[in-house]
Amino acid sequence: MFVSPAYAQAAAGDPASAFTAFIQLILIFLVFYFLLIRPQQKKMKEHKAMLEAVRRGDRVVTNGGIIGLVTKVMEAERELQVEIADGVRVRVLRDMVASVLNKTEPVAANDSEKKD
């Protein structure tokens with residue numbers, strides 16, 4: 001009543017239509033790869049490199065939207081100590097840093113004042 005028997009019989013097993021359907025699936029996958037997957041992987045790689053380069057004195061924004069100054073980097077725990085106000089310091093996981101606003105030059109560990 002809904003589909004005539006002639007239409008149902010004609011749709012069975014044409015190898016050319018199966019091949020074209022397979023080619024279409026491959027093309028769709030390639031489009032997804034080049035427009036979605038590859039740019040996302042590139043962005044993740046850049047973000048990971050940015051997180052590894054965070055050091056003391058950098059101004060950062062966390063995923064929660066808190067802006068602060070990195071006062072201490074704890075490599076073993078993968079944490080940062082961030083000063084968000086005068087005298088207010090919080091510990092933040094390194095992975096929760098969304099972006100670095102201001103990069104600073106590396107600070108020498110044993111800075112002594114130069115005598116003239």
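The values are calculated or read from the model by the stated rules, or taken from the named source; none is laboratory data. Here the structure is a predicted model, which means the values were calculated and not measured. Cβ placement follows ideal geometry from the backbone for every residue including glycine, while neighbour counts extend to all protein chains displayed.
A few remarks follow.
- Meets criteria (aliphatic (A, V, I, L, M), in the same structural domain as R91 (by TED's automatic domain parsing) and either at pLDDT 90 or above or over 16 Å from N102 (Cα atoms) (or both)) for V61: yes
- The set of residues from the range 32-67 being touching a residue at least 12 places away in the same chain (Cβ under 8 Å) and assigned to a helix (DSSP H, G or I) comprises M50, L51.
- Sole residue being in a helix (DSSP H, G or I), modelled with pLDDT under 90 and surrounded by 10 or more Cβ atoms within 10 Å (Cβ to Cβ), chosen from F29, F19: F19
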